1. Quick one: in region A:206-235, which of the residues that are among the hydroxyl-bearing types (Ser, Thr, Tyr) and within 18 Å of A:Arg159 (Cβ to Cβ) is most open to solvent (accessible area, probe 1.4 Å)?
2. Between residues in region A:326-337 that are in the same structural domain as A:Ala361 (by TED's automatic domain parsing) and residues that are open to solvent by 20 Å² or more (accessible area, probe 1.4 Å) and of a type in the set (Val, Ile, Thr), which pairs lie under 6 Å by C-beta distance while being six or more apart or on different chains?
3. Give the residue that is farthest from the other protein chains (Cβ to nearest Cβ), with candidates limited to residues of region B:173-186 that are part of a strand (DSSP E or B) and open to solvent by 20 Å² or more (accessible area, probe 1.4 Å).
4. For the structure I just gave you, tell me whether A:Leu357 is closer than 30 Å to A:Pro139 by Cβ, part of a strand (DSSP E or B), open to solvent by 50 Å² or more (accessible area, probe 1.4 Å) and hydrophobic (A, V, I, L, M, F, W, C).
5. Considering only residues that are open to solvent by 20 Å² or more (accessible area, probe 1.4 Å) and either in the same structural domain as A:Leu368 (by TED's automatic domain parsing) or of a type in the set (A, V, I, L, M) (or both), which ones fall in region A:111-136?
6. Considering only residues that are in contact (Cβ under 8 Å) with a residue 12 or more places away in the chain and more than 9 Å from chain A (Cβ to nearest Cβ), which ones fall in region B:111-123?
7. Here is a check on your reading of the model: is B:His196 assigned to a strand (DSSP E or B), open to solvent by 50 Å² or more (accessible area, probe 1.4 Å), within 12 Å of chain A (Cβ to nearest Cβ) and at pLDDT below 95?
8. Here are some residues: B:Gly151, B:Gly223. Which one is surrounded by fewer than 18 Cβ atoms within 10 Å (Cβ to Cβ), away from chain A (no Cβ under 14 Å) and within 15 Å of the chain's Cα centre (by Cα)?
Amino acid sequence: MLAPAVALGCALLLAQAGGGEEEDTEARARELLSHLGEKPASPPVIQPPASPLPMQDPNAATVCLTLPPTKAVPSGRWRAQCDDSTKRCLVAPMYELDADGVETERTLERVGPCTDESYFSDALRLKTYRLEPAVADAPPGWYRDERGRVMQFNFDLNRRLWLGGAWAPLLRDGEVEGRMRADFGISVEVPGEGKRLHRLRFLETELFLGEPSFETTLLRYDFSVERAEPLFRVTTFFGKPRRYDIDINLGLWMEVLHAEELEREDTKAGFLTWGAVHATLDLWHSKDLVSYVRVRAGPSVERDYKNGFTTLVPGAALEGDLTLDRDGFHHLRVGVEAEKVLLAQSVEGRPLRPERLRVNAGYELILLAINDQPLSLVVDGRGAWREDLQNVPAQWEWSGSAGLRFSLWAPARRSAPLATAARE
Amino acid sequence: MLALGLALLLASAATEASPDSEAEACLRTDERGEQFPICFDPGDGLLLGTGLRVRDGERAQSLRAGVLIRTGRTSRSKGTPWFNSHRLLGVEAWGGEQRGLIATAYDGTLRRHLEEGFILLPTARPVRIPFPFDVTLAPRLGHLERRVWEGPGWTLETARVGLLVDPVRAETGRMWLGVGPAASHTLRHSPDGDEHTVSPFTTLMLDTGLESADGLWALHASGLAGWSLGFEGGTYFRARAEAGLERVLFAVQDQPVVLQVSGAYVHRDAGLARGSEWTAGAGLAVRAFSARW
């Protein structure tokens, strides 16, 4: 009894001293009461749930409150995000719910930190606010359902390790040959200083069965950049002087140890590129630099290990890699590439300076995610025209493929929205 | 003894303990007040052992060595735990009339554990279908087999990767059961030339293990069966199964000495000739640095 009496006395004193600041004084008095562990006049009441449930904000401060036990939440443990101006708290159970909506023993995954009410002086006051059931917060790119279970809805396929298989028939000489393709690779994207994005690919491998061939690259690196300063600026002096900025975003593309082995008719060919360095020019890139359309050109040093000599291979390409939607489910990749083999030794049955031309277009679509690891459908079409195969006449060969890819890692994209924004 | 060991193993594996109590239970104090470990991790340590190997009735002395590393980590991108076992530079060599060697550069299992696995259908409001499995990645790189009595030549599995699902979903790295498709590439080199075969996820793989909480008992079994396709044509069916049991007998300077018993059957995949054979082995090994403090 002593503590409430003292507190009430203090409150009265403060009220007298305040004069015209009655509201402020009352608030201070209530605060003082809360410090002294006074219980609210009536037990907190959780409102009936709205439909759909509101979602908590991962950036807002969260308090772990203990409320009276309910049938659904017998532990009485809740995560609360409160707004003093509206005197309203969004409350979500601290544990996942089962199919019947009753609390389980599993704590919520991927929630932000929660300050226990014992460290919070205003906890009792919060319990007097309007308590509205909500879904607990989830990080960007993750969705939490009404049972509190979290799942990823946004995937970055430019950061992943993938394994795939596809049916990839080859059309050549008017005949279709059945082939299977297995593919593997690791891709990483790292934002750099300023507006720069580094892309790395490790061990990107495709292995074809049927008409056997394989292609693998130890390391591929490139970057896109959005330069702050224009490369050129042109000022005109006809009438009022005007300045025109010309932005040219030049970058770099390089490859280390690229091997290609293939068999056509009775000819076996093998090429090992020690290294290739190309300059790139982005014709277009997205704001986040992830998607691009660019041209690149430069030389590479290649070993024709079946014929035993090393060549210089200048090449040029127009290519695009586009992520078509916000959540990274749709990807379009296109490319046209031309190469000419120089400094080759004379080989019977092929030109001295053979040429290669390749075109490709592919689409990848995430079908579903297994334990937050995406499984995607990959379809593509490719064409190749090449003169570098001994005793094999140069002609177009076409292939199409359809298959599946399983990706590990694949975190949420850096631009991933919160589930609330995604819902809206 | 085997039955008793298995019973003890199952009983202890089923008992979960908190990390603190586990650490305390793994230490004893001697009369001088010094602590010594009584728990070991079968997935950790530097292994060096010798034993007897029997293949089709032929007995030979064998040596085995390797580096075992077991780690656990929480994924930053997914926020869930991974239970990883890595086996590096594993070698088994045996003498006798049928001398041979098996060496593996890397063999690992990486299991991502979810309390409640699911398949997400990306509809406007994501739909979650129960998928009660952990997902395990089982890569193996550079597995070489050399059989001197078969003449010049060797078999090299350059890479194999299994994508396994684990219905057990244990919350520790001491129990697992992975089943799923595996892809691999194998090169058989002989004086007649090189022969490449590939299994593009046309092989079913199994990997399972159970260890007692104190690590004194460990049971491991694995198998695979399926088809591989030759670059030059041809389809080959093969199957392999192997099982092993380990029991820590005693420890010297806190380094456990382990009794290892194993058996294996290979169906149309052994050596250059793709033979079938049984092998069995028993031996002792020191697994240094595997004590759990």
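1. So the residue we want is A:Tyr221.
2. A:His331/A:Thr323; A:Val336/A:Val359
3. Just the residues of region B:173-186 that are part of a strand (DSSP E or B), to begin with: B:175-186.
If we keep only those that are open to solvent by 20 Å² or more (accessible area, probe 1.4 Å) too, we end up with B:175-177, B:179, B:181, B:185.
On the way: B:Met175: 18, B:Trp176: 15, B:Leu177: 16, B:Val179: 15, B:Pro181: 9, B:His185: 7 Å.
Applying the filter and picking the extreme gives B:Met175.
4. Taking the combined requirement at face value, the residue does not satisfy it.
5. A:Val111, A:Leu124 - these are the residues of region A:111-136 that are open to solvent by 20 Å² or more (accessible area, probe 1.4 Å) and either in the same structural domain as A:Leu368 (by TED's automatic domain parsing) or of a type in the set (A, V, I, L, M) (or both).
6. Listed by number, the residues that qualify are B:Arg111, B:His113.
7. yes
8. Working: B:Gly151 fails: within 15 Å of the chain's Cα centre (by Cα).
B:Gly223 is the lone residue from the list that is surrounded by fewer than 18 Cβ atoms within 10 Å (Cβ to Cβ), away from chain A (no Cβ under 14 Å) and within 15 Å of the chain's Cα centre (by Cα).
The values are calculated or read from the model by the stated rules, or taken from the named source; none is laboratory data. Because the structure is a prediction, the values reported are computed rather than measured. Every residue, glycine among them, receives a Cβ derived from its backbone with ideal geometry; neighbour counts consider all protein chains shown. The area values use the complete protein model at the heavy-atom level, side chains included, leaving out ligands, DNA and RNA. Shrake-Rupley method; radii C 1.70, N 1.55, O 1.52, S 1.80 Å.
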